[in-house]
Amino acid sequence: MRRLMSSAAVAVILFAAGGVSAAASGHLQVKPKPAAVAAQAGSKGATFATVTTQLPRAVRPTHYDLSFTPDADKMAFTASVKIAIEVVEPTATVTLQAADLAFSKAEIAGVGAAKVKVDDEAQTASFTFAKPLPKGKYVLALDYTGKIYTQAAGLFALDYETETGKKRAIYTQFENSDARRFIPSWDEPFYKATYSVEATIPTGQMALGNMPIASSKDLGNGKTLVKFATSPKMSTYLLFFGLGEFDRASVKAAGADVGVVTKKGDTPKAQFALKAAADILPWYNDYFGTPYPLPVLDNIAAPGRSQFFSAMENWGAIFYFEYALLLDPKISTESDKQTVFTTVAHEMAHQWFGDLVTMAWWDDLWLNEGFASWMEGRATEHFHPEWNANLNAVGGREYAMGLDALSTTHPVVQHVTTVEQASQAFDGITYQKGEAVIRMLESYVGHDAWRDGVRAYMKKHAHGNTVSDDLWSSVEGAAKKPITAIAHDFTLQPGVPLITVDAATCAAGKTTLTLTQGEFSKDMPGKKPLLWRVPVTVRAIGGGEAKTLVTGGKGSVTVDGCGPVVVNAGQNGYFRTQYGAERFGGIVQSFAKLPAIDQLGVMSDAWSMGLAGYQPATDFLDLAKATPADADPQVFSKIAGVYSSIDNYYEGMPTERAAFRKLAVAKLRPLLARVGWTARSGEPDSTAILRGELIGTLGGLGDPEVVAEATRRFNADKTDPSAIPGPLRKTILSVVARHADAATWDAIHAQALAEKTPLIRAQLFSLLASAEDEALARKALELALTPEPGETMSSTMISRVASAHPDMTFDWAVANKDKVNEKVDSTSRTRFIPGLGAGSSNPAMAEKIKAWAAANLAEGSRKEADKAAASVLNRAKIREQRLPAITAWVGKNG
């Protein structure tokens, strides 16, 4: 799954780490066997007897034979399913998971009918027979009805505008625990089974599934029966169905039919994604050493949004919201193009990591998501080296560290006991820290050895389930190098190591560094540091490179050369570095000589360490001042992002903000003058991205020249088609919307209402939520609760208002809790409202968030609320303790 950052997560990285801007499901208690809790993180080879489960262990499924008829107009469906089961211990009751399903029949042939008991709180259905079922194989037959939802959970509908009127398509979204809303099932990742699916659909519409359609029969009366081929063995959350007025385009690649599916007329917008998928598939086949096992691989684009995800790796039928797959020349940017590629690469990687080999339980979700995040980077580096994807990895690592340095963090491998906790496990620790740890371990053992270990893992566990130690075992076997202890340090305990350079001595042309290991924390002063085994690479500027493994809290390393030494050279390590004032000063003086990735790494450490009080926060500003004019555009993007962050901290401090803005504009405006408002033939993709970021940042800083030019182009757009080039449309309109008055807001609103292209329409409604003017922001919030933006756009608008008005938005959402929750998919509800307040700097907001969570969330489901509250307190501390020094630096250097 391609996760979206929650409002709380965005606040943590944006406001605390200086990144670049731009009623929940059932409280189900896990019932593991006694050994399972201890074994879930570390045992090898999860088994039916030991895996964590929320169901009795007496019965397990082997095959589902599903027949159903959706009624999109009535937002309901009827269905029957025959489940082949194996009874491994005699029992009179078969219990499985079901939510919002009504049963009319339950029987086993030769046994008889069962009494049905539904537990809404536990999301289960139990079928009790007159006598216990002996050990053996049976077929449980069920007839039932269910709901079609308006948000992306279970079987759901998406409405969209077209030139010929409103249309409706339906899709499924089951991860993590929503297959039970569509099919009564053992809705847990360990219970893999095969599936035969048939659907009665409106004649003329296209049905989509995990497998190709095996047969189609016209039933008359406008109905057609379609039957899909039987699937391989897989987990319930990977099952997929889609239905609507679609177009499909496809190519053959590596023996599979690789396709893109869009609403009518949109396949040209999916051609880049189709080519990406066709290119990636044979490369993944080779890398994983196991060919893709399905005959078809569709990439399916749907209008709409979710606060939880942008794409989902259903086996053979990957689902994307349109903005994650389609490129429209009227509005798409170079950054959008790169995002499409990385999203396709991420979801395709899941066809192996997650689909073919699946974690045994949600504790090891990172085996799916951390690996897909890492693999998308590897694919991007291979197919698009010009994009410098390794630089993006620094930003991902920074996001993870921003979360991991707070007291609310958790280990990569974490024990999950409820559905809400499983939903909340889709976070920056699971994804970005997981990815960063993999990059570190891959670098430690070597790329070839790592790949060989992954191939062995895939071969051994295909169509099965694993825990983390299964992977470490395979990699160690291939690399002939112990990594399990290192891996455990970084995945079974939380936190960020801090490597401090205690001494650096030069003798005979070599520098020896003395290193100690502590722990970097933003809100736990005086905490006794944990211990890690930390792989460290160092490079002397103008000299050589050396590696060491810091163990027991201490280490040393000697490197050729006597110039300043960069610790974590190449940025593959997951740790912060503290140099000391003198050694850091040497790096500042030689900053222009560093490769771009180390410039980004040093900058990132300096900013985060400065905000946390480990070194002066102004050290970052010194590095920005020392950045050469020919630095990589992504380095300037980092500077622009931190400037935006500092500007945000100055909210409510007009005098100090004005002085800082003057300095920041003076630094960034010449960069925009150099790249210009108009793209040049043959310019690097990174320059095109930087152009948009500079316009957006300067617009956010209130640069009158940029705001005036954006407004001029907006006003000229009706008569001059060249006024707003497609790749800049989002950026220019964002600047205009941010500074909008009532008349401009109304003009954008009119454009949104008139727009018939869902991708553009969604963008326009999102812009309406961008206004700095509080009255217009409130107007956007009220609009979000109406049907006008579309059911799935409302939460996006609310979140966007919160980015500029967190306190007001949180209070409004609490006052309208029930209406707001109707606009949020069930998997996001425990995090959505708390996240709205995460960007506040008022300590009182932290208490409001905690109070809301205590009143509305189960005790074990408050993790995201705790993160949001911690973010607020951290922002308040930064404003109080760090801004004075930044203000003084601005006064001296402005």
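The values are calculated or read from the model by the stated rules, or taken from the named source; none is laboratory data. These numbers come from a predicted model, not from an experiment. These area figures cover heavy atoms from the full protein model, side chains too; ligands, DNA and RNA do not enter into them. Shrake-Rupley method; radii C 1.70, N 1.55, O 1.52, S 1.80 Å.
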Give me Rg/Rg_expected for the stretch 308-466, where Rg uses Cα atoms only and Rg_expected = 2.2 N^0.38 Å with N residues.
1.05
Rounded, prolate or oblate: pick one for the stretch 552-673, where a ≥ b ≥ c are the square roots of the eigenvalues of its C-alpha gyration tensor, a/c under 1.5 means rounded, and failing that, prolate if a/b is larger than b/c, else oblate.
prolate
Gap separating the Cα centres of the stretch 800-830 and the stretch 107-155, nearest whole Å
36
Mean residue ellipticity at 222 nm from the helices of the chain, using -39,500 (n - 2.57) per DSSP H segment of n ≥ 4 over the full residue count, to the nearest 500 deg cm²/dmol?
-12500 deg cm²/dmol
With percent of Cα pairs over 40 Å apart in mind, check (i) 49; (ii) 38; (iii) 58 and report the label derived from this structure.
(ii)
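Please express the shape of the stretch 805-874 as an equivalent ellipsoid: the semi-axes are the square roots of 5 times the eigenvalues of the C-alpha gyration tensor, given largest first in whole angstrom. Can you show the working numbers first?
On the way: eigenvalues 60, 39, 19 Å².
For the stretch 805-874, the ellipsoid semi-axes come out as 17, 14, 10 Å.
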Where the accessible area of the chain is counted over protein heavy atoms with a 1.4 Å probe, how much of it, in %, is carbon and sulfur?
53
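Find the percent of Cα-Cα distances in the stretch 709-749 that exceed 12 Å, and round it to a whole number.
On the way: 457 of 820 pairs.
Across the stretch 709-749, Cα pairs with separations above 12 Å total 56 percent.
Hey, what D do you get for the stretch 750-894 in µm²/s if you plug the Kirkwood alpha-carbon radius into Stokes-Einstein at 10 °C and 1.306 mPa s?
It comes out at roughly 97 µm²/s.
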Could you tell me the distance between the Cα centroids of the stretch 742-760 and the stretch 262-341, to the nearest Å?
27
Once phi is turned into θ = phi - 60°, what whole-Hz ³J(HN,Hα) does the Karplus curve with 6.51, -1.76 and 1.60 give for every residue of the stretch 601-618, x standing for Gly and Pro?
x, 5, 4, 4, 4, 4, 5, 5, 5, x, 5, 8, x, 7, 7, x, 4, 6
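Heavy-atom accessible area per residue, the chain, 1.4 Å probe: how many Å²? Mind dumping the intermediate values first?
Working: 31070 Å² over 894 residues.
On a per-residue basis, 35 Å².
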If the limit is 20 Å between Cα atoms, which of K510/K547; K74/K166; K522/K667 go over it?
K522/K667
Translational diffusion coefficient, Stokes-Einstein: compute it for the stretch 427-500 using the Kirkwood radius over C-alpha pairs as Rh, at 10 °C and 1.306 mPa s, and state it as an integer in µm² s⁻¹.
122
If the convex hull of the alpha-carbon atoms of the stretch 180-291 is projected onto planes in all directions, what is the mean projected area in square nanometres?
8.6
Using only the alpha carbons, work out the radius of gyration and Dmax of the stretch 796-843 in angstrom.
10.0, 29
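Multiply the residue gap between T505 and A462 by 0.36 nm, knock off their C-alpha separation, and tell me the result in nm, one decimal place. Working shown, then result.
Numbers: separation 43, 0.36 × 43 = 15.48 nm, distance 5.17 nm.
That pair, T505 and A462, stretches by 10.3 nm at full extension.
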Which whole-number percent of Cα pairs in the stretch 250-397 have a distance greater than 28 Å?
14
For the stretch 476-484, Karplus couplings with θ = phi - 60° (6.51, -1.76, 1.60), whole Hz, Gly/Pro x:
4, x, 7, 7, 6, 8, x, 10, 4
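To two decimal places, what compactness ratio does the stretch 312-373 give when its Cα radius of gyration is scaled by 2.2 N^0.38 Å? Please report the intermediate quantities before stating the final value.
Working: Rg = 13.4 Å, N = 62, 2.2 N^0.38 = 10.6 Å.
Its radius of gyration relative to the 2.2 N^0.38 Å reference: 1.27.
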Tell me, what is the percent relative contact order of the stretch 303-444, built from C-alpha pairs under 8 Å that lie six or more residues apart?
22
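For the stretch 592-691, what relative contact order do you get, as a whole percent, if you take Cα pairs closer than 8 Å and at least 6 residues apart?
Numbers: 50 pairs, mean separation 22.7, N = 100.
Contact order relative to length: 23 percent.
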Provide, as a two-decimal number, the C-alpha radius of gyration of the stretch 398-462 over 2.2 N^0.38 Å, N being how many residues it has.
1.35
How large is ³J(HN,Hα) for each residue in the stretch 886-894, as worked out from phi by the Karplus curve 6.51 cos²θ - 1.76 cosθ + 1.60 (θ = phi - 60°), to whole Hz, x for Gly and Pro?
5, 4, 5, 5, 4, x, 7, 10, x
Amide H contacts of V296 (H built 1.01 Å from N, under 5 Å, at least 5 apart or other chain):
D257
So what does the Cα-only Debye profile of the stretch 463-549 read at q = 0.21, 0.24 Å⁻¹, as log10 I(q)/I(0), no solvent term?
-1.06, -1.17
Ordering L274, L225 by the accessible surface of their heavy atoms, 1.4 Å probe, largest first, yields L225, L274
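Let me check something: with ligands and nucleic acids excluded, how do H410, H415, H447 order by accessible area (1.4 Å probe), largest to smallest?
On the way: H410 10, H415 65, H447 110 Å².
Descending accessible area places them as H447, H415, H410.
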So for the stretch 779-845, averaging the separation of alpha carbon pairs under 8 Å that are six or more residues apart and normalising by length, what relative contact order in percent results?
34
